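For reference, the structure is listed below as structure tokens.
The values are calculated or read from the model by the stated rules, or taken from the named source; none is laboratory data. These numbers were taken from a predicted model, which means no experiment stands behind them. No Cβ is skipped: glycine too gets one built from the backbone with ideal geometry, and neighbour counts run over all protein chains shown.
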Amino acid sequence: MELKGRAWKFGDDISTDHIAPGRYFHLRSNLPELAKHVLEDAREDFANNMKKGDFVVGGKNFGLGSSREHAPTIIKLSGVSAVIAKSFARIFFRNAINVGLPVVICDTDKIDEGDILRLNLEKGILIDETKGIKFEFPPLPDVMMKILNDGGLVNHIKKHGKIAI
């Protein structure tokens, strides 16, 4: 799976409340509408200006906070192709895979806002095309790649009847 898009840079400790602001709690049963407010509390301009295929690039501990699946789901629904961060909250990481949102653990210090990135999940390679920098990261386990390729855990189970390893 190879993805290409523009980097939107965020800092450390982006919480699920930054991703899915609590004041929109009433929209939790209307995820496409909630996605219009994705990351609004971290960056007001993000949802209205990002383009389908762009990347969210974070620092440490991305997705901390409550374990609700709404946060990675609305990131995916907004059109973000993947989240790249130095580290993730464990539950957010797994929820992202389960909803079909690729997440990559990689040093993001040299990536700047607006850089064009190319990501190869199978090979564990991220290329910053703007700067000509290559980053390597441990590829996701095969079972996670199968879940992502099937569009998330629900689709994966519908397709295979179980978790195919």
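Laid out as a table, the results:
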| quantity | calculated |
| --- | --- |
| Any hit, region 142-154, residues being more than 11 Å from Ile97 (Cα to Cα), surrounded by 14 or more Cβ atoms within 10 Å (Cβ to Cβ) and among the hydrophobic types (A, V, I, L, M, F, W, C) | no |
| Checking Ser66 against (1) within 12 Å of Ile19 (Cβ to Cβ); (2) within 15 Å of the chain's Cα centre (by Cα), the condition it does not meet | (2) |
| Lys36 being out of contact with any Phe, Trp or Tyr (no Cβ under 7 Å at 6 or more places or on another chain), under 20 Å from Pro102 (Cβ atoms) and at pLDDT 95 or above | no |
| Hey, Glu136 among the charged types (D, E, K, R), in contact with a strand residue (DSSP E or B) (Cβ under 7 Å, 6 or more places away or on another chain) and either more than 17 Å from Lys4 (Cβ to Cβ) or surrounded by 16 or more Cβ atoms within 10 Å (Cβ to Cβ) (or both) or not | yes |
| Number of the condition not met by Phe137 [criteria: (1) in contact (Cβ under 8 Å) with a residue 40 or more places away in the chain; (2) touching a Cys at 6+ places or on another chain (Cβ under 7 Å)] | (1) |
| Residue list for region 73-110, restricted to those being out of contact with any strand residue (DSSP E or B) (no Cβ under 8 Å at 6 or more places or on another chain) and closer than 15 Å to Val38 by Cβ | Thr73, Ile74, Lys76, Leu77, Ser78, Gly79, Asn95, Val99 |
| Region 74-95: number of residues that are of a type in the set (Lys, Arg) and crowded, with 20+ Cβ neighbours inside 10 Å | 1 |
| Subset tally (residues that are crowded, with 18+ Cβ neighbours inside 10 Å, of a type in the set (Asp, Glu) and at pLDDT below 95) for region 42-68 | 0 |
| 1 or more residues within 16 Å of the chain's Cα centre (by Cα) and modelled with pLDDT of 90 or more: qualifying strands (runs of 3 or more DSSP E) within region 116-165 | 116-120, 125-128 |
